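A quick write-up on the structure given underneath.
The values are calculated or read from the model by the stated rules, or taken from the named source; none is laboratory data. Keep in mind it's a predicted model, so treat the numbers as computed, not measured. Cβ sites come from the backbone with ideal geometry, for glycine too, and all protein chains shown count toward neighbours. The area values use the complete protein model at the heavy-atom level, side chains included, leaving out ligands, DNA and RNA. Shrake-Rupley method; radii C 1.70, N 1.55, O 1.52, S 1.80 Å.
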Amino acid sequence: MVKIESLSLLTKHAIERYETEIFEAGGYKWKLVLYPNGNKSKNIKDHVSVYLALADSSSLGPGWEVSAVFRLYLLDQNKDSYLILQGKERRFHTIKREWGFDKFIPTATFFNASNGYLMEDTCMFGADVFVSKERRNGRGECLSMIKDATSSKHVWKIENFSKLDNESYDSNAFFAGDRKWKIRLYPSGTKQGTGTHLSIYLILADSETVSDGTKIFTEFTVRIYDQLQGRHIAGKVTKWFSGSSLENGWVKYVSMVYFTQPSSGLLLKDVCLVEADVCVHGITSAL
């Protein structure tokens with residue numbers, strides 16, 4: 001039950017939506033959600049809107065689903081009885097956490113004191129909830145595409161290239177799409193490119209933040225600058241990054257023969273410049 005005193009002050013203070021404190025039913029946490037002047041987000045006018053909402057689903061796993069039968073009611077203070085609207089069995093889940101009545105009662109009826117629903121600026125709403133079944137198996141995912149996604153560029157200056165003797169080297173971390181990335185260079189190549197080509201990869205560096213079911217749809221370009229004539233070497237690709245696929249790139253990015261030619265401009269005074277241009281276009285996460 002929720003008793004509201006001085007209801008008119010909600011309008012005075014521009015409170016269009018009121019949520020009750022959490023109550024429990026069937027082992028789950030719920031709230032009543034009230035719009036005394038109608039749910040404007042649904043373009044509801046001239047009616048009171050009342051809903052039942054599942055308040056806390058953080059402890060439930062992917063694919064959870066709760067079915068409940070409920071009824072919402074409003075006290076008639078004249079007759080000491082209730083106006084009751086019976087809801088059908090409804091499925092509450094990640095996409096739909098709230099069910100109820102857009103047009104619970106006309107505001108003209110509700111605000112007319114002679115009807116007993118609002119007397120001395122006081123009213124009382126309530127809910128009965130019966131959880132009929134639940135399902136927590138399965139899984140779900142949500143793909144969120146990013147409108148007007150912007151790219152981030154990072155230039156990595158590698159000095160004394162001829163003295164690099166480790167199998168691979170990583171650039172400093174940089175951010176793109178709220179994720180941390182690195183460029184990884186294999187100076188003598190790796191896999192099929194060993195001994196003949198430079199191998200270059202883009203690495204998702206904050207793997208600890210990539211939970212199960214998370215995938216990151218990324219478009220990226222890696223360039224090695226031609227420091228003489230501006231004829232840069234570039235590779236562009238679109239890939240999904242995830243916890244099981246943290247790196248993408250090229251085993252045979254550029255041949256060592258061409259890279260080390262003075263006329264190529266890629267290695268000048270034993271320095272090369274590698275740029276990554278990264279844009280995150282979408283993220284898939286578990287529901």
Inset, instruction - Of the listed pairs Lys3/Lys133; Lys96/Lys133; Lys31/Lys103; Lys147/Lys239, which have alpha-carbon separations greater than 20 Å here? - result: Lys3/Lys133
Legend entry - Computed P(r) (all Cα pairs; segment 4-160; 5 Å bins; percent): 2, 8, 15, 17, 15, 12, 9, 6, 5, 3, 2, 2, 2, 1, 1, 0, 0, 0, 0
Inset, instruction - Keeping every protein chain in place, order Glu141, Glu208 by accessible area at 1.4 Å, biggest value first, i.e. largest first. - result: Glu208, Glu141
Inset, instruction - At 1.4 Å probe size, with every protein chain present, just tell me what the per residue accessible area of segment 1-150 comes to in Å². - result: 60 Å²
Legend entry - Per residue solvent-accessible surface (Å²) - segment 184-237, probe of 1.4 Å: 46 Å²
Inset, instruction - With viscosity set to 0.890 mPa s and temperature to 25 °C, compute the Stokes-Einstein D of segment 179-276, Rh being the Kirkwood radius across alpha carbon pairs; µm²/s, no decimals. - result: 171 µm²/s
Inset, instruction - Taking volume of the Cα convex hull per residue in Å³ as the quantity of interest, determine which of (1) 113; (2) 160; (3) 168 was computed from the displayed structure. - result: (3)
Inset, instruction - Could you size up the charge dipole of segment 67-167 around its Cα centre, putting +1 on the beta carbon of Lys and Arg and -1 on that of Asp and Glu, and report it in debye to the nearest 20? - result: 500 debye
Legend entry - Estimated distance in nm for a label pair at Val69 and Ala25, the labels positioned 7 Å out from Cα along Cα-to-Cβ: 1.2 nm
Inset, instruction - Pop out the carbon and sulfur fraction of the accessible area of the chain as a percent, whole number, probe 1.4 Å. - result: 47 percent
Inset, instruction - Round to the nearest 0.05 the FRET efficiency obtained for Thr196 and His281 when R0 = 35 Å and r is the Cβ-Cβ distance. - result: 0.60
